[in-house]
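The structure appears right after this line, and notes come after that.
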Amino acid sequence: MINNYEAVYKKQHYGLVGSHSAVKVCHWTKSELLGKAPCYKNTFYGIKSHQCIQMTPALNQCSENCDFCWRFQGFDSMHINEEDDPEFILEESIKAHLKLISGFKGNPKVKKELFEEASHPRHMAISLTGEPTLYTRLGELIEAATRRGITTFVVTNGTMPKVLETLNPLPTQLYVTVAGPTKEIFNDVLHPAIGNAWENFNKTLDLLPSLDTRTVIRHTMVKNVNFPFYDEYEKMDRRADPDFIESKGYVHVGQSAGRLSYENMPTHDEIMEFSSTMAKRLGYFEYADRFESRVAMIAKNPETARINVDAEIQKTLKKLELSSD
């Protein structure tokens, strides 16, 4: 339950929602509101950082305890005993987010039109912490957001393939974290809470090409631990056949600092070399990178990278209509 760690979350400026959800204002949301750089998701996909809500419907639930995760890992279990209604989670997440950014309204460095836009979110990153597929009504949450004109990104560790196989609707973009190139490294770095996590993860890789949505493989690279392993990652990426591949370097901050060292951080040049090599091996195009985030993205088709929010909303609504017939 949230109450077990309420003091920790409030100290870290989380907005707590119901019994198992939360929002937190991203650094890049604040940055864009102040007229500075947006998130790399803006560079890659056109997402407006000041209109983005970062949230989770599984604050204390995860199927892994990753060494590189810099968030507070107050994971109680893999189950949410009493699940909140998805409409409630959405509405209260929006309210909590708007409350957290309300202080920017009076900041002279924030343009009035930017704050007004920020008051009407158009995107929700379901990626804050925890494993979102453990919330059994995730599809309903995505549908509720879609009907509000909000696109969704879901980041999963891939240990729940049966959820992804039946998820309806699928998010605008589905991320799968691929950070264990071998079973041994997978277990040593990701510390799964279930015995068949590796097998489930591999089922997710094989499932990914059949999912009718935008897909991304996210490589979180930890130097001297799971990086570079070119051959192993190439095999995984070929099986998953994603639209985009992001390679992101581990950063020695937050809770991860107690588990890894500064030497485990790849440089941006090393990330760029890895990403470029993978592009050549897989026949992808080098698309963009962001130095400050130590991240690079390659695309199967660069012309499809940037998202038209309204078009994606209508596409998902159409799928919902067809599935209800």
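Of everything in the range 267-325, what is assigned to a helix (DSSP H, G or I), surrounded by 12 or more Cβ atoms within 10 Å (Cβ to Cβ) and small (G, A, S)? Give them in sequence order. Matches in the range 267-325: S275, S276, A279, S293. Here I53 does not qualify as in a loop (DSSP other than H, G, I, E, B), in contact with a helix residue (DSSP H, G or I) (Cβ under 6 Å, 6 or more places away or on another chain) and either at pLDDT 95 or above or acidic (D, E) (or both). Filter the range 134-162 for residues that are assigned to a helix (DSSP H, G or I) and of a type in the set (D, E, K, R); which is surrounded by the fewest Cβ atoms within 10 Å (Cβ to Cβ)? Of everything passing the filter in the range 134-162, K162 is surrounded by the fewest Cβ atoms within 10 Å (Cβ to Cβ). For the range 57-66: of the residues being part of a loop (DSSP other than H, G, I, E, B) and open to solvent by 10 Å² or more (accessible area, probe 1.4 Å), which is nearest to I185 (Cα to Cα)? Per the criteria, the residue is C66. Residues in the range 96-112 that are more than 25 Å from the chain's Cα centre (by Cα), assigned to a helix (DSSP H, G or I) and among the charged types (D, E, K, R): K105, K112. Within the range 26-56, being surrounded by fewer than 20 Cβ atoms within 10 Å (Cβ to Cβ) and farther than 24 Å from A305 by Cβ holds for K30, L34, G35. Every listed requirement among (1) closer than 25 Å to Y287 by Cβ; (2) touching a His at 6+ places or on another chain (Cβ under 6 Å); (3) open to solvent by 10 Å² or more (accessible area, probe 1.4 Å) is met by D241 save one, (2).
Per the listing E131, E92, E82, the residue uniquely of a type in the set (D, E), open to solvent by less than 20 Å² (accessible area, probe 1.4 Å) and in contact (Cβ under 8 Å) with a residue 12 or more places away in the chain is E131. Only one entry of S210, S276, S247 meets the criterion of being of a type in the set (G, A, S) and touching a His at 6+ places or on another chain (Cβ under 9 Å), and that entry is S247. Residues in the range 67-76: is at least one open to solvent by less than 10 Å² (accessible area, probe 1.4 Å), in contact with a helix residue (DSSP H, G or I) (Cβ under 7 Å, 6 or more places away or on another chain), hydrophobic (A, V, I, L, M, F, W, C) and touching a residue at least 40 places away in the same chain (Cβ under 8 Å)? Scanning the range 67-76, I find no residue that is open to solvent by less than 10 Å² (accessible area, probe 1.4 Å), in contact with a helix residue (DSSP H, G or I) (Cβ under 7 Å, 6 or more places away or on another chain), hydrophobic (A, V, I, L, M, F, W, C) and touching a residue at least 40 places away in the same chain (Cβ under 8 Å), so the answer is no.
If you take the residues of the range 163-186 that are open to solvent by 60 Å² or more (accessible area, probe 1.4 Å) and over 19 Å from the mean Cα position of the chain (by Cα), which of them is farthest from R259 (Cα to Cα)? Filtering first and then ranking leaves T166.
The values are calculated or read from the model by the stated rules, or taken from the named source; none is laboratory data. Nothing here was measured: the structure is a model prediction, and the numbers come from that model. Don't worry about glycine lacking a Cβ; one is built from the backbone with ideal geometry, like all the others, and counts go over all protein chains shown. Protein only, heavy atoms only, side chains kept; ligands, DNA and RNA dropped before computing areas. Shrake-Rupley method; radii C 1.70, N 1.55, O 1.52, S 1.80 Å.
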